[in-house]
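Beneath this line is the structure, given in C-alpha cells, with notes to follow.
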Amino acid sequence: MRHIVETIIARAILGIYRLLGIRRGTDFGELTGSWLGRIVQERHVVLGNLALTMPHLSDDERHALAEKAWRQAGRFIGEFAQMDRIIADPERLHLQGEQHVEAAKANGKTIIFVSCHYGNWEMLMVGIARLAGRAASLYRTASNPYMEKWIVKKRGPHMPIQIPKGRQGAKTMLSLIKQGTTPLCLLIDQRMTEGDKVRFLGQETTAPSAAVRLARQYGLPIILTHIKRRPNEKDGAHFTQIFDEALYIPKTDNAEADIEAGMQAIFDQFDKWIYDDPAPWFWMHDRFEK
C-alpha cells in the first residue's frame, strides 16, 4: 500500500509539472527543490558531503551552494516530466566533441560511454544516439515496483535499451559487447560496497569498475561525456553535451594496476567537472562514509 500511495503522489506531482509546460514546469520544479532542501532529511547529507569535499568553503558558502544544488535537483525532476517534449526539439541539445566519437567508432568495437549524475543526466542518451546509434544503458532499479514500471516506460523514448544492474545485467552487457553493434552508457559515481577503491573529490571511496574491466579485457574505447545547461536561453531546458577524447585502458601484466589507473583517470575528470561547477552534481546521495 505504501508503494501504491508513493506512486500516486509522485505521478500527480510530475503531472502538475507537465501541465505547466516546459518553462513554467521546470521553473516550478526548481522552486519545489528549494523548498524541499529546507525540510527533508537529505539536507544534512548534502551539507555533510560539501563539508567533506569542499572544506575551504565557509558555512555560509556551503549553505548557498546547497541551495543551488537543491534548485538544480528540482529542475531536473521538472525536466523529467517533459522529456519527450524536450527531446522533440533538437535545438535544445547541442553537441561538442563529436570528432572524438567518430574517431572511436573507427575502432570498430563497442564504445562505452561513462558519466556521472551531473546536470540532466537523462539527456546523455539523446546525444549518444545522435552520434553512435541506439544505445543500451545500465541502471539501478527502483525499490518501488510500481514506480519502476512507470519510470522504465517513461524513459523508453530516450533510453531504448535499459539493463537493470545485477548478474543478468552483466550477462546482457557482455553479450552486446561480443556483438559489437550497440554502444553502452554507464553512470559510475554512486558508492558501491563491493566496488573498487578510488579517490573522488578528495575522499577515499569505492565505485563500480565494470566499465574499466570490460574496456581493458576487450580493447574498447571509453568516452567520458556530461551535460551542461546553456544559459541565456528562453528557459533552462537547453543543454550542451560534451564528449571527451576516448580513453583506452592499457593491458599489462598487472591487471589490477591497469584497472586502478583507469578508474582514477575517470574520477579525476569527474572531479574537474564538479569543482568547475559544483551545483549540478547530485549531492543528495550518501556518497561518502562519514
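Residues to consider are Glu98, Glu102, Glu79, Glu122; find the one that is more than 27 Å from Leu176 (Cα to Cα) and either surrounded by 15 or more Cβ atoms within 10 Å (Cβ to Cβ) or at pLDDT 95 or above (or both).
Result of the check over Glu98, Glu102, Glu79, Glu122: Glu79.
Of the numbered conditions (1) assigned to a helix (DSSP H, G or I); (2) at pLDDT 95 or above; (3) farther than 19 Å from Arg191 by Cβ, Leu36 satisfies every one except a single condition; which is it?
Evaluating Leu36 over (1) assigned to a helix (DSSP H, G or I); (2) at pLDDT 95 or above; (3) farther than 19 Å from Arg191 by Cβ leaves (2) as the failure.
Among the residues of region 248-257, is there at least one that is in contact with a Leu (Cβ under 7 Å, 6 or more places away or on another chain) and either modelled with pLDDT under 95 or surrounded by fewer than 19 Cβ atoms within 10 Å (Cβ to Cβ) (or both)?
No, every residue in region 248-257 fails to be in contact with a Leu (Cβ under 7 Å, 6 or more places away or on another chain) and either modelled with pLDDT under 95 or surrounded by fewer than 19 Cβ atoms within 10 Å (Cβ to Cβ) (or both).
When only residues in region 271-290 that are among the aromatic types (Phe, Trp, Tyr) and at pLDDT 95 or above count, which is farthest from Gly37 (Cα to Cα)?
Only one residue fits best here, namely Trp273.
Out of Ile4, Ile8, Ile77, Ile22, which single residue is free of Cβ contacts under 8 Å to residues at least 40 places away in the same chain and either part of a helix (DSSP H, G or I) or more than 21 Å from Asp189 (Cβ to Cβ) (or both)?
Testing whether each residue is free of Cβ contacts under 8 Å to residues at least 40 places away in the same chain and either part of a helix (DSSP H, G or I) or more than 21 Å from Asp189 (Cβ to Cβ) (or both) leaves just Ile8.
Taking the criterion of being closer than 26 Å to Asp286 by Cα, more than 15 Å from the chain's Cα centre (by Cα), outside the structural domain of Asn49 (by TED's automatic domain parsing) and β-branched (Val, Ile, Thr), would at least one residue in region 189-200 satisfy it?
yes
Could you look through region 180-223, keep only residues that are over 19 Å from Tyr118 (Cα atoms) and of a type in the set (Lys, Arg), and pick out the one that is surrounded by the most Cβ atoms within 10 Å (Cβ to Cβ)?
Here the residue is Arg216.
Checking the structure you have, find out if any residue of region 173-180 is at negative phi, in a loop (DSSP other than H, G, I, E, B) and not aliphatic (A, V, I, L, M).
No, there is no match, as no residue in region 173-180 is at negative phi, in a loop (DSSP other than H, G, I, E, B) and not aliphatic (A, V, I, L, M).
Of the residues Ala103, Ala88, only one is over 27 Å from Tyr218 (Cα atoms), more than 14 Å from the chain's Cα centre (by Cα) and of a type in the set (Gly, Ala, Ser); which?
Unique residue meeting the criteria: Ala88.
Between residues in region 43-61 that are in a helix (DSSP H, G or I) and residues that are exposed (fewer than 15 other Cβ atoms within 10 Å of the Cβ) and among the basic types (Lys, Arg), which pairs lie under 9 Å by C-beta distance while being six or more apart or on different chains?
Gly48/Lys290; Leu52/Lys290
Any residue in region 197-210 that's in a loop (DSSP other than H, G, I, E, B): show its pairings with residues that are of a type in the set (D, E, K, R) at Cβ separation under 9 Å, as long as the two are six or more apart or on different chains.
Pairs that qualify, where the first residue is in a loop (DSSP other than H, G, I, E, B) and the partner is of a type in the set (D, E, K, R), are Leu201/Asp271; Leu201/Arg287; Gly202/Asp271; Pro208/Lys165; Pro208/Glu194; Pro208/Asp196; Ser209/Asp196; Ser209/Glu260.
How many of the residues in region 258-290 are assigned to a helix (DSSP H, G or I) and exposed (fewer than 13 other Cβ atoms within 10 Å of the Cβ)?
Number of matching residues: 3.
The values are calculated or read from the model by the stated rules, or taken from the named source; none is laboratory data. This is a predicted model, so every value here is computed, not measured. FYI the Cβ positions are ideal-geometry reconstructions off the backbone, even for glycines, and counts take in every protein chain you see.
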